[in-house]
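Read the figures in this text as sums done on the coordinates, not as results from a lab. Predicted model only: the values in this text are computed from it and were never measured. Backbone-built Cβ (ideal geometry, glycine too); neighbour counts: all protein chains shown.
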Amino acid sequence: MATVEFPMHSRARTALNITGGLLVLLCVTIPFAIWVFYRVTKAKVTVTPEGLEAMGLMTDTVRFDDVERFGVLRIPLVARGLGAVLANMKLDNMGEGVNLVFRLKNGKDVKFISNQYERHAELIEHVTKSVRVPREDLKMGLLSWKWPEKA
């Protein structure tokens, strides 16, 4: 399997650039705005045979050999106003965030929003085929996601 890249889609880039522009208005947050603009230019998910690297505002790296559990978490968007419009643009106008969640063998969880990248359905299927554990559907708990009980 070759290396596959999934860049951030244009609506997510636009939403984050608008957010960066709003941060510039506050003057004090200009350094953070510059960081947001820089990270948006580098945003992509790179899937290799060994693992993946998701670069957005944060960078998450997962080695497929280290994955103990893998799941998809769908979080509905319940906001209103300008924030909701920007969030929905970032989420490909789906009204929910589709997150890929990995529980690593060291007990750490790694999560990133997949539907802010182009061809996110293909990304999920590509990762599902690459990870050596079955995909699980996660649910939101009170403060965090909950892994289903193992049979």
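Per-structure values
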| item | result |
| --- | --- |
| Where a label projected 7 Å from the Cα of residue 11 along Cα→Cβ would reach, residues of the stretch 43-85 with amide N under 17 Å | 75-85 |
| Leading residue at positive end of dipole, the stretch 1-132 (Cβ point charges), from 78, 116, 93 | 78 |
| The chain: DSSP helices with Cα axial extent of at least 20 Å and average Kyte-Doolittle hydropathy no lower than -1.0 | 10-25 |
| Exceeding the 18 Å Cα-Cα cut-off - candidates 42/108; 105/150; 90/111; 108/146; 90/129 | 42/108; 90/129 |
| Filtered GluC sites (Glu not before Pro), the stretch 51-151: DSSP coil and at most 10 other beta carbons within 10 Å | 149 |
| Alpha-carbon centroids, the stretch 1-27 and the stretch 37-84: separation in whole Å | 13 |
| Three-way shape label, the stretch 22-90, alpha-carbon gyration tensor, a/c 1.5 | oblate |
| Calculated [θ] (222 nm, deg cm²/dmol) that DSSP helices of n ≥ 4 give over the chain, each run adding -39,500 (n - 2.57) | -10500 deg cm²/dmol |
| Computed over the chain, Cα set: Rg, Dmax in Å | 16.1, 54 |
| Exposed-site-free run, longest, the chain (rule: trypsin sites (Lys or Arg not before Pro); DSSP loop; at most 13 other C-beta within 10 Å) | 1-79 |
